[in-house]
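Everything on this sheet refers to the single structure shown next.
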Amino acid sequence: MALIGQPDPETGYKKNKPYYLESDNEISIFETAYDAKLPVMLKGPTGCGKTRFVEHMAYRLQRPLISVSCHEDLFASDLIGRFLLLNEETVWVDGPITRAVRQGAICYLDEVVEARKDTTVVIHPLTDDRRILHIDKKGETIAAHPDFLLVISYNPGYQSLLKDLKQSTRQRFVSLTFHYPEPSKEAEIVSHEGQVDMDIAERLVSLGGKIRNLREHGLTEGASTRLLIYSAQLIRRGIPMQDACRTAICLPLTDDTGLQETLKDLIEDIL
């Protein structure tokens, strides 16, 4: 989902409270895990609000948030830091996880299963009672700031034998499972974030629910809450509803012409 408010460049804190509508008791569980210094793992489909939840919790806890979008070319040095040549001098530059450990920030590793396996191992000493980060290149071991918290997320729908978390990593975290919100709450979210009337939001959510049921008929991913919000934002700016849904939902979801025709028929029936 789109961000609300940008972090202060000096402190990393959000100036404006990121909008988030609680689905269950995830807020109290996260706050308790933070208080107990327990690392947190978020599981759920694409665009269901995992990242927004972390932003919201960082604001509630008044902690800086350092986010990393993981990918297959992410090396340990990208997280920890490296020596760089600056003004003809070799200087050490901390990576995002090292900065978070030093200053007591929340470090969020998004889609962690996309990172290289040897990269995720570096977080292990931070996720047990040691709470330390070892920097081999400097021969330095850093004790994590008392307010430091590590949060990771991934989408179980993309799990495979090659892209999954090892048990040795999984069992270092407490876990929260996210789903798409129930229709009434999802409509409220779409209305708020897309700045459209509830009538439009409810119709978009109804469409999203129908599309998610097509996963058994060849659609890899269902329509995320994020895509419904994108549609609402186009509609609010004057794009006809059917065109907005086709552009923001149908085309991003699939290149299969047969499935696109099915989605087009759903749009016409519902909207």
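Here, each number is a calculation from the coordinates, and none is a lab measurement. Remember, it's a predicted structure, so these values are computed and weren't measured experimentally. Cβ atoms come from the backbone with ideal geometry, glycine included; neighbour counts cover every protein chain shown.
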| task | Could you work out how far apart the two model spin labels at SER206 and GLN62 are, taking each label as a point 7 Å from the Cα in the direction of the beta carbon, and quote it in nm? | result | 4.6 nm
| said: What are the ³J(HN,Hα) couplings of region 142-155, residue after residue, when phi is run through the Karplus curve with 6.51, -1.76, 1.60 and θ = phi - 60°? Round to Hz, x for glycine and proline. | reply: 10, 7, 5, 4, x, 8, 5, 9, 9, 10, 10, 9, 6, 9
| task | Nearest 5 is fine: what % of DSSP beta bridges in the chain come out antiparallel, could you say? | result | 40 percent
| query | Can you pull the percent of Cα pairs in region 183-270 with separation above 18 Å? | reply | 34 percent
| Relative packing of 123-129, 225-231, which averages over residues the other C-beta atoms within 10 Å, highest first | 225-231, 123-129
| remark: So, relative contact order of the chain in percent, Cα under 8 Å, 6 or more apart, is 19 percent
| request: Pick out, from PHE75, VAL190, LEU133, the residue whose Cα sits farthest towards the positive end of the charge dipole of the chain, with +1 on the Cβ of Lys and Arg and -1 on the Cβ of Asp and Glu. | output: LEU133
| message | Can you match semi-axes √(5λ) of the Cα gyration tensor in Å to one of these, [x] 30, 20, 17; [y] 37, 20, 18; [z] 38, 22, 14, based on a calculation from the structure here? | response | [y]
| In nanometres, what is the gap between the two model label sites at HIS179 and ARG130, each 7 Å from Cα along Cα-to-Cβ? | 3.8 nm
| What is the count of Lys pairs in the chain whose alpha carbons sit under 22 Å apart, if the two are 8 or more places apart or on different chains? | 19
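Neighbour counts of other C-beta atoms within 10 Å: give me PHE53, PHE83 arranged from fewest to most. The partial results should precede the final answer.
Details: PHE53 24, PHE83 12.
Going from least to most buried by this count: PHE83, PHE53.
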| How large is the charge dipole for the chain, taken about the Cα centre, if only the Cβ atoms of Lys, Arg (+1) and Asp, Glu (-1) carry charge, to the nearest 20 debye? | 620 debye
| Whole-Hz ³J(HN,Hα) from phi, Karplus 6.51 cos²θ - 1.76 cosθ + 1.60, for region 46-60, glycine and proline x | 4, x, 9, x, 5, 5, 4, 4, 5, 4, 5, 5, 4, 5, 4
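Treating only the Cβ of Lys, Arg, Asp and Glu as charged (+1, +1, -1, -1), what charge dipole size does region 53-158 show about its Cα centre? Round to the nearest 20 debye. Numbers along the way, then the final one.
On the way: 11 positive and 16 negative charges, 72 e Å.
Computed about the Cα centre, the dipole is about 340 debye.
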